[in-house]
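The values are calculated or read from the model by the stated rules, or taken from the named source; none is laboratory data. Because the structure is predicted, anything quoted here is derived from the model rather than measured. Counting neighbours? That spans all protein chains shown, and the Cβs are built from the backbone with ideal geometry, glycine included.
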């Protein structure tokens, strides 16, 4: 395997991500990992390799305690898999050989793999017995099927959720709320993000300091937006009253699956149920497009009502 600049070969890398089994595909793409590296992760050096069977997408750093480590490019949530290639067994063989040959690390982290998946089986077979293996806490995402279109999606939801959506639709119609689906381009990405930020500033998330209106999270999505727009992946729906935006939902489509990223709305419009309405109208758009799955992201109570499946990945820590 040879060291590579992942940003320079992002298109090829993403094609390999699309062919990789049993991973969180969107959160392993270049748009996600490179944006996270720039905005959320500490300074590190390149440690990404390209081999015959795929990529090892990683970085190398030195812990404050003094030991060198290798970790995935994105480890803010540990969603991304660094093992990217269509044949996990062959790829893992290449990666383990590289790690074994180098002496510039003491700890290596492999995230974003399923506990009983092909990458874990390949690692169990290929790793030297003398390397200590530690398992991290699993990370769950809630996923909804969009099979059968909007009617199929709603049929799999609870009676209570369907009733809540109908009530919110009536309230929105009475308040003259409209919904606008927007797809940006690389040239319009910055303006689109500013439009989103205007809504963020009026949300409870901004008030409580848990949104994307400031700091590293603002930088993360600001770095991701032009990448998503340039690839035609970005999907945004705005809620509007008259000529004013009062809510938004942002996500991205990759290989037939939609990944929800953020949504927010004016705090003084909370009684309209805009959060659920934005989800609903995004799903309407996705079903019309033929998207097959909706990944709502990591564990939160409300997501259980909107999804029926759970995807769980874990982290493997290697110490030598």
query: Does the range 77-87 include one or more residues that are more than 22 Å from residue 123 (Cα to Cα) and either touching a residue at least 24 places away in the same chain (Cβ under 8 Å) or not assigned by TED's automatic domain parsing to the domain that holds residue 220 (or both)?
result: no
Conditions (1) touching a residue at least 24 places away in the same chain (Cβ under 8 Å); (2) out of contact with any strand residue (DSSP E or B) (no Cβ under 7 Å at 6 or more places or on another chain); (3) under 27 Å from residue 246 (Cα atoms); (4) assigned to a loop (DSSP other than H, G, I, E, B) -> residue 184 fails only (2)
Checking 210, 177 in turn, the sole residue that is under 20 Å from the mean Cα position of the chain (by Cα) and either closer than 21 Å to residue 251 by Cβ or not assigned by TED's automatic domain parsing to the domain that holds residue 229 (or both) turns out to be 210
Picked from the range 18-35 (must be surrounded by fewer than 18 Cβ atoms within 10 Å (Cβ to Cβ) and not in a loop (DSSP other than H, G, I, E, B)), the residue nearest to the chain's Cα centre (by Cα) is 18
Checked against (1) surrounded by fewer than 18 Cβ atoms within 10 Å (Cβ to Cβ); (2) in contact (Cβ under 8 Å) with a residue 60 or more places away in the chain; (3) more than 30 Å from residue 308 (Cα to Cα), residue 230 satisfies every condition except (2)
- Item | residue 262 being modelled with pLDDT of 95 or more and within 16 Å of the chain's Cα centre (by Cα) | yes
- Looking at residue 67, is it buried (at least 23 other Cβ atoms within 10 Å of the Cβ) and under 27 Å from residue 320 (Cα atoms)? no
Assigned to a helix (DSSP H, G or I) and touching a helix residue (DSSP H, G or I) at 6+ places or on another chain (Cβ under 6 Å), is that true of residue 169? no
If you go through 38, 57, the only one that is surrounded by 18 or more Cβ atoms within 10 Å (Cβ to Cβ), within 22 Å of the chain's Cα centre (by Cα), in contact (Cβ under 8 Å) with a residue 40 or more places away in the chain and not assigned by TED's automatic domain parsing to the domain that holds residue 228 is 57
Test for residue 242: is it surrounded by fewer than 18 Cβ atoms within 10 Å (Cβ to Cβ), in contact (Cβ under 8 Å) with a residue 60 or more places away in the chain, closer than 20 Å to residue 169 by Cβ and out of contact with any strand residue (DSSP E or B) (no Cβ under 6 Å at 6 or more places or on another chain): yes
**Asked** Is it the case that the range 161-170 has a residue that's assigned by TED's automatic domain parsing to the domain that holds residue 269, touching a strand residue (DSSP E or B) at 6+ places or on another chain (Cβ under 8 Å) and either within 16 Å of residue 278 (Cα to Cα) or buried (at least 19 other Cβ atoms within 10 Å of the Cβ) (or both)?
**Response** no
(Q) Quick check on residue 67: is it touching a strand residue (DSSP E or B) at 6+ places or on another chain (Cβ under 9 Å) and assigned by TED's automatic domain parsing to the domain that holds residue 286? (A) no
Residue 142: passes all of (1) assigned to a loop (DSSP other than H, G, I, E, B); (2) surrounded by 17 or more Cβ atoms within 10 Å (Cβ to Cβ); (3) modelled with pLDDT of 95 or more but (1)
In the range 98-139, anything loosely packed, with under 13 Cβ neighbours inside 10 Å and assigned to a helix (DSSP H, G or I) is listed as 101, 124, 125
Within the range 276-304, restricting to residues that are part of a helix (DSSP H, G or I) and modelled with pLDDT under 95, the one that is farthest from the chain's Cα centre (by Cα) is 304
